[in-house]
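Below is one structure; the comments refer to it alone.
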């Protein structure tokens, strides 16, 4: 493969993949034909030999027979029965022979012809109870029929229940019928929803895992699937780029042989089977020893019925033998699909095996499929992150290599660290320059490297490089002499006759199987298709090939090649001997550095392509900038060059800072992590600003003279905007709470069974579907997926995760939700699901709120409302307000997490801790809407360790805007030993109590000469049963006449009626404080008043070993 650009490499790879798939299909078909021939002839089938020497091509007849056998085999598993019907008439056109037995039908047919046509032409609804027949007819009329599965039906003869799983085929509709026990909890809608809840619980665990470790993600998903299904062994198979597979995670019964680390050839999972997994993502085999059941069909049909999406399709004999030889009787396999921006890829399989027959009901299988779909979403994000990290590592290495190239060309990239071996994964590397070789790691000899170079020039002289996983297959004549140590190679041509080489050993060297060792006495029957024989076959294949060179690796080599070719373009004049004599080095050093600086600057731009970078000359005028800084500031390169950075680009707030760092950089002193505020020059955003975290680097010319400053930054605008909003939390949320906006957003509700129980007028306008048309219908599938079509499968997966979380009593994060309305118009919204509880606090469903991305032109104008409508409106408005409080809060919480992972000072960390405490307080307020539990003292406290100082910082931050607005003085000199006191209790509710009291104190302090004082006095420590408690007294004093009597009366005396909002808040705070075994009093004096809060809290010490008075 010749080197090219990244885009071309991807196009080349796609073409190679298509060609490779065709070749693999041919090999699969040939091996299957050999297996079937050996079975008929009574000969042994040598699988290892077939893998090593697959047929190069097969006839079209054999290929057609192969695909037909896989997709239209005419056999099903006996754990269920199958019916095929015409869609228009619902008349049967095919059925399995066991329909009579399982459905309890009487067969009064004697001759063979009538027997074969026994059910053909019969109305399928007559085989079931009237209500079941109606359900089948209704489902058959649905657009998205598969989203309604399973349908519960009952046999008209025996009244036995079945799961009916419907899907469309080329000639009608196929109905798979799986018997269900009447005691099966999944038979009810509530039971099916419970299965989804279990899957959501597992999904929540996946999503809570730390990022950056695909292995942990795989280990977790096998654990969760094993819990759900109970199989003896659960594994994650990963498909590599060359289509061979590997077991990357496994959980198993302790007495079973481990398969972790097993690699197997691509033919173990044929291409046709992979296609089936992309169509039907769940495949269950209940008993591989059970005799298959024949499918009878109408003579009018031209070809056998398509069984691709049937849940009952019988396994091929080849696969049955494989399962038998590995000691497995039953299996459940689920496809792991990764959806990129424009691609859908079968990443691997999640495989379950059992040593005895096992059947998993369809609802539970569907829940597992749901879980694996969510696993695919998480996996894609992890893969994106891994790709970005690898790209950054490559760019850093390229930069260091070019830096070394400038100081010691070209030997710096082979005799210093890092070297070219660090650019990509390899076993060895070599530089062939001027007829000489420099070798690193495991490589051919110098003479062999020269021979490879000559072969490249003669056979591939028209290309700039070559990569292969097998030099033998690439046609290199001397490949056999290289042995197993060198198998694959990537070569980059740096000028007319010189090369960089990277070498890899055979892939078998990389393979380590965690399975039991093969005892020499054990006979290894090549005809036994088993994990061990597959592994043996793979090793034989792997000995002739190295690991393939992936596209990012090729791109990395290509980028380095371009830089080096540019650097050495004009050095041909000096001749190769120049580098052989150190005394001549000074003569060309100046020229080398001048030419090398071009490469150096090129790499700096490549390295920082995704971050803002710009340069200024010694006068402070901009002389260069990259696309990212232009994108952020709206100032194009041609407009920016020549402008004064300090006077024209930097915001006034950062001018002094920039002047200082430029001055220091021009003196050779470089600064890092400096926050800069830049102007935005966008047409509609003149007043907006851009924040970057910048490093200032001194720019020098080839004489080492300072000629300017380069500034490399990181865009932190998003984080900074939210950080600024943290100090305005109180005002922002008060504005939301006091909003009287009458426009209610689209809202719908789900009951505990995921059926629609509410659909407001805004939803009717948005979707075009009336309330009476959707009530009672299943939200995932019937409504969203059926009535409202979805664009991609991932949308349904994310919707189900959010919905079932809400039903399970968990509030979900806002996510993008897209669907088509009744008119076929594309609708984009943000959806959030919030739990609904009954009076006892039990989940009874959830509310879903939609935030429209673009305004709805059909929104009505405000008109007069009845009292009933007003009450409903206020109820919805309250729900809306609570939800809208969560949306910005969730954004702030996310930003908060981002900021935690950045370099911050101790003061900034304290601000983050304070904002985090405020966020948690708001969330607690939103969730504590059950005032009855607070009033009755039954509210549950959330116990945790915390620092008292964090609470103090949080409550003070919440009143600072008000204090500054009223020009009050705040005194709160708290000793460090109090601030650093570690306590154990409900931090957030204690924070709510103290902040509520302090807010009232500040609010009722007069502005003229007003002041507020906070004082904390520690009391005695108490130790009971080895547990230590401390008594604390909080005193909040303020000037003036004090809190109004009506507020205090509401706080201390009111039970069911309150005359003031402040009194209600203080009353609830007093109730929560009482739950904590605390007390509050209010004292009035001549010129001041104060609250006294007494509280005993547990310290983090569990035992006190040295008791002294």
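The values are calculated or read from the model by the stated rules, or taken from the named source; none is laboratory data. None of these values were measured; they are calculated from a predicted model. Cβ sites come from the backbone with ideal geometry, for glycine too, and all protein chains shown count toward neighbours.
Structure data summary
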| quantity | calculated |
| --- | --- |
| Qualifying residue in region 286-294 (condition: more than 20 Å from residue 327 (Cβ to Cβ) and within 29 Å of the chain's Cα centre (by Cα)) | no |
| Residues being part of a helix (DSSP H, G or I) and without any contact (Cβ under 8 Å) to a residue 24 or more places away in the chain - total across region 649-675 | 8 |
| Among residues of region 944-979, those that are modelled with pLDDT under 85, part of a loop (DSSP other than H, G, I, E, B) and either over 19 Å from residue 1069 (Cβ atoms) or out of contact with any helix residue (DSSP H, G or I) (no Cβ under 8 Å at 6 or more places or on another chain) (or both), counted | 4 |
| Residue, modelled with the lowest pLDDT, within region 1006-1045, restricted to residues that are on the phi > 0 side of the Ramachandran plot and surrounded by fewer than 17 Cβ atoms within 10 Å (Cβ to Cβ) | 1025 |
| Filter result for residue 490 (under 15 Å from residue 546 (Cα atoms), in contact with a helix residue (DSSP H, G or I) (Cβ under 7 Å, 6 or more places away or on another chain) and assigned by TED's automatic domain parsing to the domain that holds residue 413) | yes |
| Given (1) surrounded by 18 or more Cβ atoms within 10 Å (Cβ to Cβ); (2) out of contact with any helix residue (DSSP H, G or I) (no Cβ under 6 Å at 6 or more places or on another chain), number of the condition residue 302 does not satisfy | (1) |
| Criterion (at pLDDT 85 or above and part of a helix (DSSP H, G or I)) met by exactly one of 456, 400, 440 | 456 |
| Flag for residue 808 being touching a strand residue (DSSP E or B) at 6+ places or on another chain (Cβ under 6 Å) and surrounded by 15 or more Cβ atoms within 10 Å (Cβ to Cβ) | no |
| Where a residue in region 1068-1088 is farther than 27 Å from residue 1039 by Cβ and in the same structural domain as residue 939 (by TED's automatic domain parsing) and its partner, wherever it lies, is assigned to a loop (DSSP other than H, G, I, E, B) and at pLDDT 85 or above, with Cβ under 8 Å and at least six apart | 1076/986 |
| Unmet criterion (only one of (1) at pLDDT 85 or above; (2) part of a loop (DSSP other than H, G, I, E, B); (3) surrounded by fewer than 20 Cβ atoms within 10 Å (Cβ to Cβ)) for residue 211 | (1) |
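A quick yes/no check of all residues on (1) at pLDDT 90 or above; (2) under 37 Å from the mean Cα position of the chain (by Cα):
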position: 116; (1), (2): no, no
position: 123; (1), (2): yes, no
position: 147; (1), (2): no, yes
position: 152; (1), (2): no, yes
